[in-house]
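Accompanying notes for the structure given below.
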Amino acid sequence: ECPRAANGKRFGPLVGYAGRYDDGAGNQLQKVGDVYANFAKMERRIPRLYDFLPALVGDPRFGEALSGGPVVFCGAPEGGKAIAVLLALLTGRDYIFPEKEVTELKTATSREKSRLVWGRHEVQPGERVAIVEDVTNNFSTAEELVRLNEERGATVVMIVGLLNRSLTVENEFMLEGHAPIPVISLVRKPIPEYHQDDPAVAADIMAGNVVWKPKTDWAELVMA
C-alpha cells in the first residue's frame, strides 16, 4: 500500500491494475491505484497458502454449496489455480481449469487479448462448479467462466476468492438473466481504482510516479 501523508501526498508509487478503459481517443489505458495484492508471492509457499483455506471453507455458504451435491473447483488462470487445487484437496473434490487462447497479439499501444477455452480439462454436463480466483474486482473473468461452464451444461454454485476488492459486488454476483451467485471471500476490502486523468492521481501520473507492472517491479514497491 502506497504510504501517504495526511495531505494526500504520496511517498511511494501508484500501481497499474489489470483493468482497462477507453480514453475517448481509442486508446486502452490501465487503471491505477494505491494498493496491490500480489498473491503470486504466496503460491510458492503452498503450506502457508493452505493455512488460509480452512477459514474460507468454514463460511456457512461454502458448506451449503458443498452439501447440495458434488462440486468441481474451477481455477481461473492464473491466480486461482493453486487455490482451487488446495480447495479440492481439502474437501476431497475434483479440480479443473480452462486455458487462455490468444485472440490478438499485443502491439505498441495495446496488450495481448485472449479468451478462456477448455483444453487440458473440461467440464461435464450437470456438474456443479465453484469458480476460484485469488482476487475478484470487476468480475469480468468470473462472468466469462460462468458462461464457459454453463455452455457445457454445468451450473456455477459459487465464486470463491481470497480477496474481494470490488467497489460494487458484495456477497452476490448478479449476472443478467441468471440467478444470484454467492461470492465467498476470505477478506472483503473495497480498493479504489482510478482513471489516469482523475484528480486523485493525475499529478502522480504526470510525474511518472507509477509502477505499471507491479509483479515485475515488486522489490520497488516493497522498499516503498
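The values are calculated or read from the model by the stated rules, or taken from the named source; none is laboratory data. Quick caveat: nothing in here was measured; it's all calculated off a predicted structure. All Cβ positions, even for glycine, are placed from backbone atoms using ideal geometry, and neighbour counts span all protein chains on display. Only protein heavy atoms, including side chains, enter the accessible area calculation; ligands, DNA and RNA are left aside. Shrake-Rupley method; radii C 1.70, N 1.55, O 1.52, S 1.80 Å.
Among Gly16, Gly75, Gly24, the residue with the largest mean-square fluctuation in a Gaussian network model of the chain, with springs joining Cα atoms closer than 10 Å, is Gly24. Working note: Karplus 6.51/-1.76/1.60 with θ = phi - 60° gives the range 52-58 the couplings 6, 6, x, 5, 5, 5, x Hz, where Gly and Pro are set to x. Each residue of the range 178-194 was assigned a 3J(HN,Hα) from its phi angle through the Karplus expression (A = 6.51, B = -1.76, C = 1.60, θ = phi - 60°), giving 9, 5, x, 10, x, 10, 10, 10, 5, 10, 10, 9, x, 10, x, 9, 10 Hz with x at Gly and Pro.
Taking label positions 7 Å along the Cα-Cβ direction at both Glu99 and Arg61, the computed distance is 3.3 nm, reported to one decimal. Summarising the strand pairing of the range 6-100, around 60 percent of its internal DSSP beta bridges are antiparallel. Shown here for the range 1-78: GluC sites (Glu not before Pro) in loop regions (DSSP other than H, G, I, E, B) with at most 14 other Cβ atoms within 10 Å, namely Glu1, Glu78.
For the range 172-218, which whole-number percentage of the solvent-accessible area (1.4 Å probe, protein heavy atoms only) is attributable to carbon and sulfur atoms? So the carbon and sulfur contribution to the accessible surface is 57 percent.
Could you tell me which label, among [x] -0.66, -0.75, -1.16; [y] -0.61, -0.72, -1.39; [z] -0.53, -0.64, -1.40, carries the value of log10 I(q)/I(0) by the Debye sum over Cα atoms at q = 0.11, 0.12, 0.18 Å⁻¹ calculated for this structure? Checked against the structure: label [y].
Calculated mean residue ellipticity, 222 nm, the chain: -7000 deg cm²/dmol, from DSSP H runs (n ≥ 4) at -39500 (n - 2.57) each, averaged per residue and rounded to 500.
Quick check on the range 113-183: of the DSSP beta bridges with both residues there, what percent are antiparallel, nearest 5%? Bridges in the range 113-183 are about 20 percent antiparallel.
When DSSP beta bridges are restricted to pairs lying wholly in the chain, around 40% turn out antiparallel. Taking amide H as placed 1.01 Å from N in the peptide plane, Val156 has its amide H under 5 Å from the amide H of Val129, each at least 5 places away in sequence or on another chain. Annotated for the chain: lysine pairs at least 8 residues apart or interchain, Cα distance under 16 Å, count 8. A protection proxy built from the mean count of other Cβ atoms within 10 Å ranks the segments 81-91, 213-223, most packed first, as 81-91, 213-223. At a probe radius of 1.4 angstrom, the accessible area of the chain per residue rounds to 55 square angstrom.
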